[in-house]
Amino acid sequence: MVTRLAIIEVESLSYTYAESTQPSLIDINFKADSGEFIVISGPSGCGKTTFCRTINGLIPNSYGGKFSGRVVVDGLVTTERPVFELAQRVGLVFQNPENELFCTTVEREVAFGPENLALPREEIIMRVDEALDIVGISHLRDKSPDELSGGEQQKVAIAALLTMKPKVLVLDEPTANLDPMSAKSVLNVLVDLNSVGVTILLVEHRLEMVSHLADRCVIFDSGKIVLDGAPQNVLYSDTAANLGIGVPKAVLVAKALRQRPELERWMPLTPRDLLKLLRGDLR
Amino acid sequence: MISLEGVTYSYMPGINALDHIDLNIGAGELVAIVGENGAGKTTLVKHINGLLKPSEGRVTVCGLDSKAVTVASLARKVGLVFQNPDHQLFAETIEKELSFALVNFGLPPDEIKRRTEWAISEFELSQYAGRSPFMLSGGERKRLALASVLCYGPEVLILDEPTTGQDNRQKVRMASLLHKLNQQGKTVLVVTHDMEFVSDYIPRVVVMSHGRVIADGQSGDVLVRRDILERASLVPPQLAEISWELGLDPPSIRLDDVVARLAKLIGGAKA
Ligand SMILES: Nc1ncnc2c1ncn2[C@@H]1O[C@H](COP(=O)(O)OP(=O)(O)OP(=O)(O)O)[C@@H](O)[C@H]1O
Ligand SMILES: Nc1ncnc2c1ncn2[C@@H]1O[C@H](COP(=O)(O)OP(=O)(O)OP(=O)(O)O)[C@@H](O)[C@H]1O
Ligand SMILES: [Mg+2]
Ligand SMILES: [Mg+2]
């Protein structure tokens, strides 16, 4: 067994927003090894976005509020470092990217990060071209972000993040406004980045699209982590069924067709896996 | 109820965001509009509430030609919930957000109170009473935007990407609410990329690509047409995939149907 280094360590983290009386995160303990691909899900309002904001230090550095516990990212304690320093290690794609776009052209927007790092010009151009190409929006480079469709704006935000080449990528529902093919291609990009060692934290409600890509699934409910484990174990659990998270249809079909002892051996997440499970019976 | 005849629209000369669209939607229908990013879905629905007027062709809503009436007069009949809730929310508190349109339409105070309270409980926002809309989670803001439009009871309701940021339980609630509105005779249009939501809950689907309508029909028929889906950068619903993968012909998008047919195929395998 290979032991990997923890790149994110969260210890007894609790957090209450300045304007709120109830905590949004309660005693969170969490660890991500370098190179892991982790999917985060859970009911609306359970604390996923808040958790993401603690990983790149926006909470508490920019938000204030009541923060206790410790978040360490790549050896840096978030409360001791300015957000811009953390931003070079942790890239965060927001839930509503449009609100973050402010440059006059797509190209400028995407170049903004590396320009601020004062990288050499050729390097910036290379990163920008590459990022635009990866998300498939090279043809939009001279357009203004506010002349784009909702999905196109989301792609701009993702491209802007890719140019920073961070070690950890935190994505808060990055495919929410994307058409299914674009969503797939963005997810493929994440898989590729992950295969060269980038740690991925992906918040997503539509588990059918992402659970089979992940090493681990972490489920929040009411500010707490209630499930943390291999996607199969999490999605076939009673807790997941009771929470009403979006379990893949292949799971529902398998559960309807199979008794529990058999399921424990073989838990399909995708149509293809389901076929493997049933192949013997089908002929 | 809604009719588009030869509707063409361009933001910039030479590029048609809508290209000769013909579309009819009857009173009391529940219809999904799907298609790739930039297909023209948002542009289309903005024509139905009169925010945009066609460069060519005609849009008629509730018997009114959209060019002949103001946005304000259509707004009462056609409620549009924007793709990004932050374009819509502006008030200091949730309650003010919900009552804004009602006050504007001159409803009596007790009616305003009744509707606001209904919306807060229907959308599970009561624990945030008195709070600013901007201190809500993404999914909560989306629900508030929807609630504020529903409150004034438009005849036609258009939701641009209502399920983004919603967990499965909220989606189920939203679906049953849409069906309820539908039964009350409201016309409901849902723009979405969520193929699961469409296949599970919406009977008719219109597929757009490059400013045109490339398919229009029952969800069960349209969503299993690979050629159409591919052209519009869509993927089939999971149950269609499962049907194909496991050789069920014709494919189905209903869970009970797929399970029953598989159970039959594997015969004694189910204990
Ligand atoms: N700026 C804020 N000030 C006060 N409370 C907030 C703020 N942002 C979020 N909250 C509250 O904190 C809780 C967790 O919110 P968070 O945005 O983390 O949820 P989420 O899991 O991302 O939900 P969603 O799936 O709807 O995006 C919610 O109860 C929300 O109302
Ligand atoms: N304000 C604008 N100015 C110029 N072009 C625009 C404007 N808004 C949209 N467009 C362009 O018009 C086309 C249709 O956009 P529209 O927003 O209707 O697409 P959509 O189908 O809603 O896409 P999405 O699924 O990404 O929201 C796209 O090519 C887009 O770039
Ligand atoms: Mg969120
Ligand atoms: Mg749109």
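In degrees, nearest 10, range 0 to 90: what is the angle between the Cα axis of helix B:255-265 and the longest Cα principal axis of chain B?
In chain B, helix B:255-265 runs at an angle near 10 degrees to the longest axis.
Quick one: which residues, 5+ away or cross-chain, put their amide H under 5 Å from the amide H of A:F220? H built at 1.01 Å from N.
Hits under the 5 Å cutoff: A:S41, A:G42, A:V226.
Between helix B:94-104 and chain B, what is the angle of the helix's C-alpha long axis to the longest principal axis, kept within 0 to 90° and rounded to the nearest 10?
Between the helix axis and the principal axis of chain B, the angle is about 70 degrees.
Could you tell me whether chain A comes out rounded, prolate or oblate from its Cα gyration tensor? Rule is a ≥ b ≥ c as square roots of the eigenvalues, rounded for a/c under 1.5, then prolate if a/b exceeds b/c, otherwise oblate. Display every interim value, and only then the final one.
Details: a/c = 1.90, a/b = 1.31, b/c = 1.45.
Because a/c hits 1.5 or more and a/b fails to exceed b/c, chain A counts as oblate.
Using per-residue counts of other Cβ atoms within 10 Å, averaged over each peptide, order A:139-145, A:163-169, B:11-17 from highest down.
Going from most to least packed, we get A:163-169, A:139-145, B:11-17.
Need one value for B:45-56: mean number of C-beta atoms belonging to other chains within 10 Å of its residues' C-beta atoms.
Working: counts 0, 0, 0, 0, 0, 0, 0, 0, 0, 0, 0, 0.
Partner-chain Cβ atoms within 10 Å, mean over residues of B:45-56: 0.
Listing B:H47, B:H210 from the residue with the fewest other Cβ atoms within 10 Å to the one with the most, what is the order?
Details: B:H47 22, B:H210 16.
So the ranking, lowest neighbour count to highest, is B:H210, B:H47.
Please compute, for peptide B:4-12, the average count of beta-carbon atoms on other protein chains lying within 10 Å of each residue's beta-carbon. Write out the running numbers ahead of the final one.
Details: counts 0, 0, 0, 0, 0, 0, 0, 1, 1.
Across the residues of B:4-12, the mean count of other-chain Cβ atoms within 10 Å is 0.
What does the C-alpha gyration tensor say about the overall shape of the stretch A:105-162? Classify as rounded when a/c is under 1.5, otherwise prolate if a/b is larger than b/c, or oblate. Working shown, then result.
Details: a/c = 2.05, a/b = 1.78, b/c = 1.15.
Since a/c reaches 1.5 and a/b is larger than b/c, the shape of the stretch A:105-162 is classed as prolate.
Under a Cβ-Cβ cut-off of 13 Å, what is the net charge of the residues other than B:L229 that fall near it, where Lys and Arg count +1 and Asp and Glu count -1?
Working: positive: A:K184, B:R225, B:R226, B:R231; negative: A:D179, B:E36, B:D221, B:D227, B:E230, B:E241.
Cβ neighbours under 13 Å give a net charge of -2.
What is chain B by shape, rounded, prolate or oblate, if you read a ≥ b ≥ c off the alpha carbon gyration tensor as root eigenvalues and call it rounded for a/c under 1.5, prolate for a/b larger than b/c, and oblate otherwise? The partial results should precede the final answer.
Numbers: a/c = 2.14, a/b = 1.28, b/c = 1.67.
Because a/c hits 1.5 or more and a/b fails to exceed b/c, chain B counts as oblate.
Could you please rank A:F102, A:F51, B:F100, A:F37, placing first whichever residue has the fewest other Cβ atoms within 10 Å of its Cβ? Working shown, then result.
Values: A:F102 10, A:F51 28, B:F100 16, A:F37 21.
So the residues, fewest neighbours to most, are A:F102, B:F100, A:F37, A:F51.
Angle, helix A:150-162 long axis vs. longest principal axis of chain A, Cα atoms, 0 to 90°, nearest 10?
Between the helix axis and the principal axis of chain A, the angle is about 80 degrees.
Rounded to the nearest 0.05, what FRET efficiency is calculated for A:D142 and B:Q127 with R0 set to 56 Å and r the Cβ-Cβ distance?
The pair A:D142/B:Q127 has a calculated efficiency of 0.75.
Using θ = phi - 60° and the Karplus relation 6.51 cos²θ - 1.76 cosθ + 1.60, list the HN-Hα couplings for the stretch B:167-184 in order, rounded to whole Hz, with x at every Gly or Pro.
Couplings: 7, 4, 5, 5, 5, 4, 4, 5, 4, 6, 5, 4, 5, 5, 4, 4, 5, 6 Hz.
So what are the ³J(HN,Hα) numbers for the stretch A:105-119, from phi and the Karplus equation (6.51, -1.76, 1.60; θ = phi - 60°), rounded to whole Hz, Gly and Pro as x?
Each residue's phi maps through the Karplus curve to give 9, 4, 4, 4, 4, 6, 7, 4, x, x, 4, 5, 7, 6, 6 Hz.
Only residues of the stretch B:104-138 count here: report those whose backbone N is under 19 Å from the spot 7 Å along Cα→Cβ of A:I26, or say none.
B:125-129, B:137
Enumerate the calculated ³J(HN,Hα) couplings along the stretch A:40-49 in order (Karplus 6.51 cos²θ - 1.76 cosθ + 1.60, θ = phi - 60°), each rounded to whole Hz, writing x wherever the residue is Gly or Pro.
Result, rounded to whole Hz: 10, 9, x, x, 4, x, 7, x, 4, 5.
Amide H to amide H under 5 Å from A:A6: which residues, 5+ apart in sequence or cross-chain, H placed 1.01 Å off N in plane?
For A:A6, whose amide H was placed from the backbone, the distant partners under 5 Å are A:S34.
Between B:E155 and B:H20, what is the label-point separation in nm under the 7 Å Cα-to-beta-carbon projection?
Each label point is offset 7 Å from its Cα along the Cβ direction, giving 3.0 nm.
Just from its helices, what would the mean residue ellipticity at 222 nm be for chain B, if runs of 4 or more DSSP H residues each count -39500 (n - 2.57) and the sum is divided by every residue, rounded to the nearest 500 deg cm²/dmol?
Working: 11 runs with 103 residues, N = 271.
After summing the helix terms and dividing by the residues of chain B, the value is -11000 deg cm²/dmol.
Can you give the net charge of the other residues whose Cβ lies under 13 Å from the Cβ of A:D129, counting K and R as +1 and D and E as -1?
Values: positive: A:R121, A:R127, A:R141; negative: A:E107, A:E122, A:E123, A:E130, A:D133.
Here the charged neighbours net out to -2.
Every read-out reported here was derived from the displayed coordinates using simple, explicitly stated rules and does not represent laboratory data. Not measured: the values here are computed from a predicted model. Here Cβ is always computed from backbone atoms with ideal geometry, including for glycine, and neighbour counts include all displayed protein chains.
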